[in-house]
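Derivation of every value follows stated rules applied to the coordinates shown; laboratory data play no part. Small disclaimer: the values here were computed from a predicted structure and weren't measured. Note that we place each Cβ from the backbone using ideal geometry, even for glycine, and neighbour counts take in every protein chain shown.
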Amino acid sequence: MVATEVGGIPEIIQHGVTGLLVPPGDESALADAIGSLLENRAAAADMGQKARRDVAERFTPERQLSRVLALVTEGLGLSARPA
């Protein structure tokens, strides 16, 4: 994965571990990052495997539901009650 460092993307992609991050609007950095992954397929595969594990651990349906519940209860001014 190659992405720009904007919004929440840096919270999801760990530079050099689960992908590569480049500054927004820097076409040269983007091309270099893509080229580096094309040149080093082993590193690209390793990052891909780490990214897949990271997503599987951090973004389970249970964790996502818990986060949504917390946001809704906070937004409504309610206290979260255990299920």
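General observations
- Environment charge of M47, counting only residues whose C-beta is closer than 14 Å and scoring Lys/Arg +1, Asp/Glu -1: +1
- Gyration tensor (Cα) of the chain, equivalent ellipsoid semi-axes in angstrom: 34, 16, 6
- Potential lengthening between L78 and S28 on full extension [0.36 nm per residue; Cα-Cα distance subtracted]: 13.2 nm
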